[in-house]
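We did not get these values from a lab; they are worked out from the coordinates using the rules stated. These numbers come from a predicted model, not from an experiment. Glycine gets a Cβ as well: all are built from the backbone with ideal geometry, and neighbour counts include every protein chain shown.
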Amino acid sequence: MQRRNVILISSADGNTMLMCKRRKSPDKGLFSFLGGAIESGEDSAAAAYRILEAEAGICTRDIQLRHVMDITYYQQDCCLEIYAGRLQEEVKVWGTENELLWMGLHEDFCNGEVFAGEGNIWYITEYVKKTTDILENKS
């Protein structure tokens, strides 16, 4: 089964999330969380930190990630391992693979014309709001 990380990153105040606008297929032009493939034999937490540093320049000293949930797609033989964390302080993010931006928690994350993931961004965000202190719940 293919394993991939999806990483929800919150700003230090918990009011915004780091999103990327995909430059490549699949989901070209849509916003999503950071993430990528977990290499064969690689620890999933180590992969999450590796991907985060490569895609956004966020280092292990900037954030503590928590493994919050998994979503398994049996028909596609794929498991998404969801990690989430809040920055310890504001940091400058950078990346060359996708455009990065901070997005507020009020967005319609179910809008498939704007967001990838077929509603999973909404689901993951709501789950993290309800089960952790990573995102401020302003609703």
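Tabulated data
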quantity: Spacing of the two label points (7 Å from each Cα toward its C-beta) at A12 and L101, in nm; calculated: 2.3 nm
quantity: Share antiparallel - DSSP beta bridges, the chain, percent rounded to 5; calculated: 70 percent
quantity: Long-range HN-HN contacts of N15 with modeled amide H, under 5 Å; calculated: E136
quantity: Kirkwood-based shape ratio for the chain, expressed as Rg/Rh from alpha carbons; calculated: 0.93
quantity: Translational diffusion coefficient (Stokes-Einstein; Kirkwood radius from C-alpha pairs) of region 72-139 at 4 °C, 1.567 mPa s, in µm²/s; calculated: 91 µm²/s
quantity: Charge-dipole axis of the chain as Lys and Arg at +1 and Asp and Glu at -1 on Cβ define it, positive-most pick from S25, L65, A84; calculated: S25
quantity: Quotient of Cα Rg and 2.2 N^0.38 Å for region 59-111, N being how many residues it contains; calculated: 1.46
quantity: Debye-sum result for region 1-54 in log10 I(q)/I(0), which assumes one identical scatterer on each alpha carbon, at q = 0.16, 0.20, 0.25 Å⁻¹; calculated: -0.54, -0.79, -1.03
quantity: Gain upon complete extension [C110, S40; 0.36 nm per residue less C-alpha separation]; calculated: 22.0 nm
quantity: Packing-based order for 68-77, 115-124, using average beta carbon neighbours within 10 Å, highest first; calculated: 115-124, 68-77
